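The values are calculated or read from the model by the stated rules, or taken from the named source; none is laboratory data. All values derive from a computational prediction rather than experimental measurement. Backbone-built Cβ (ideal geometry, glycine too); neighbour counts: all protein chains shown. What goes into the accessible areas is simple: the full protein's heavy atoms, side chains included, and nothing from ligands, DNA or RNA. Shrake-Rupley method; radii C 1.70, N 1.55, O 1.52, S 1.80 Å.
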Amino acid sequence: QFPFGRRLPCDIYWHGVSFHDNNIFSGQVNKFPGMMETVRKITLSRAMRTMQDLFPVEYNFYPRSWILPEELPLFVAEVQMMRDSNPSWKPTFIVKPDGGCQGDGIYLIKNPSDIRLTGSIQIRPAVVQEYICKPLLVDKLKFDIRLYVLLKSLEPLEIYIAKDGLSRFCTEPYQEPTLKNLHQVFMHLTNYSLNIHSGNFIHSDSANTGSKRTFSSILCRLSSRGADVKKLWSDIISLVIKTIIALTPELKVYYQSDIPAGRPGPTCFQILGFDILLMKNLKPILLEVNANPSMRIEHEQELSPGVFENVPSPVDEEVKVAVIRDTLRLVDPQKKKRKDTQCLPSQPPSAILCCRCPSWEQTPGASEARLEPDASPSPEAALPSLCLKQVFPKYAKQFSYLRLVDRVAALFIRFLGVKGTTKLGPTGFRTFIRNCKLSNSNFSMAAVDILYIDITRRWNSMGIDHKESGMCLQAFVEAFFCLAQKKYKSLPLHEQVASLIELCECRLAALHRAVPASGTA
């Protein structure tokens, strides 16, 4: 640890909260630039909505969401329309502050008029979602699942899922929401940081009892009741891959801004916490994604009034130690170093790196690994098999068709112009239209300018990011969808967008081929 600043380069930088460090030129960092912003409730909801517009069936694992305050009139109108068409529909909604964590500021409502329209909603925007009223219960209690996902690489995309996770329980028996019980947080909210304060919270040394259990213990219980646990895991893997696919376009924009191509910089990886709820029918629902999941393996216990002691938590230890250990095995910096140093003299003691991990091979169960010809056998043989299972690119063929917005983001990044920026200026947008030959007699360059101004002004008025002027990625995606709908009117939206992407990529490739030819003439 370097509490007063770092003096030596490292091969792994393990940051507490975010990526930023201006002096990292090599090695690996355990955070992606922009991840915290990308998984915030509003940004995640926007990304999921974009994917739901393109692929409604594939992305039906995320609850219907509205963003406050800007979509409050839309929320009120849509709820009224649904009630008119189905008078028996009696929904409950959950309001979550955008930057909130650990259950802070969350509350349930029955009617849009119950939203707390105080000054705070303007200062602190929120997401309102349909509340899942029929969750799977165990011991009459509602619970959620915290699964750990390793995003090992963005380009190429590489995703691992931990084979076990945590099940976090409410501490009061569940009842469907009514006006009388809406405020009972210990019944409706699964957040550990809330339920720990309940008198009913049970700390247990066992993996299958208490208020926090292993997910594998829940799966065993479901399996004993005849549930199709293999299908459940398959659905969860699908949910994780689809969610990461929804997040990668925004992450790539942040990445090229902080680590521009062609300049020295680190590579990144990150452990994410996926919070998932199981419905009664075992369908997994994504609640949120946490960029900084707690890795504590202990909990506070009150010995006497006001006197606390940290006590080990066997359940946390069983799951989290394996996740961190195997993340380090997968990003092992010594693997490349072994190849590079076999022909070089050994380094002096002063060059020892500040954050080493052992020279483990990536393959689980490998019997031997050597740093030097006389190195001792690797500790890999004594370690358990990897708890992290690769799901992408392993299942890439099944999901590649969903990566349309990734390709739109690649076009956006191509025309950004200045390295280190995340917003597209009017000149860049015009160049995109011109190079892809998208203007014609029905869509003049004057109309292009109006489209740019209208969409950019609206997105900037939402208070997304005022540090830079220009068109953000979400605004560009909206403009791109608009252009696709104009050009291919009779097709479904995902086919319209795919057709326009292919047209743009084809014309840009032809332009790229023509430029060197004209240069040598």
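Some observations on this one:
- Less than 5 angstrom separates the built amide H of residue 288 from those of 275, all sequence-distant by 5 or more or on a different chain.
- The share of accessible area on the range 226-331 that comes from carbon and sulfur is 54 percent, using a 1.4 angstrom probe.
- Couplings for the range 271-286, taken from phi via the Karplus curve 6.51 cos²θ - 1.76 cosθ + 1.60 with θ = phi - 60°, read 8, 10, x, 9, 9, 10, 10, 9, 7, 4, 8, 6, 6, x, 10, 7 Hz in order; Gly and Pro are left as x.
- Mean sequence separation of contacting Cα pairs (under 8 Å, at least six apart), scaled by the length of the range 401-514, corresponds to a relative contact order of 30 percent.
- Here the range 220-322 was treated as a single set of alpha-carbon atoms; its pair distances binned every 5 Å from 0 give 2, 9, 12, 14, 15, 15, 12, 9, 7, 4, 1, 0 percent.
- The Cα atoms of the range 100-245 give a gyration tensor whose axes a ≥ b ≥ c have a/c of 1.5 or more with a/b no greater than b/c, which makes the shape oblate.
- Computed in the context of the full set of protein chains, the accessible area of the range 401-514 at 1.4 Å probe radius has 56% of its extent on carbon or sulfur.
- Of the residues 511, 402, 494, the one whose Cα sits farthest towards the positive end of the charge dipole of the range 401-514 is 511 (charges of +1 on Lys and Arg Cβ, -1 on Asp and Glu Cβ, taken about the Cα centre).
- 5 angstrom amide H check on residue 191, placed H, neighbours 5+ away: none
- Cα-based reach from residue 96 at 15 Å (exclusive), listing aspartates and glutamates while leaving out same-chain residues under 8 positions away: 70, 71, 104, 114, 130, 275, 288
- Each peptide in 221-234, 424-437 gets a packing score, the mean of other Cβ atoms within 10 Å over its residues, and the list from highest to lowest is 424-437, 221-234.
- Under a 5 Å amide H cut-off, with hydrogens placed 1.01 Å from N, residue 389 pairs with 161, 162, 163 among residues at least 5 apart or on other chains.
- Taking the C-alpha atoms of the range 401-514, convex hull volume expressed per residue in Å³: 115
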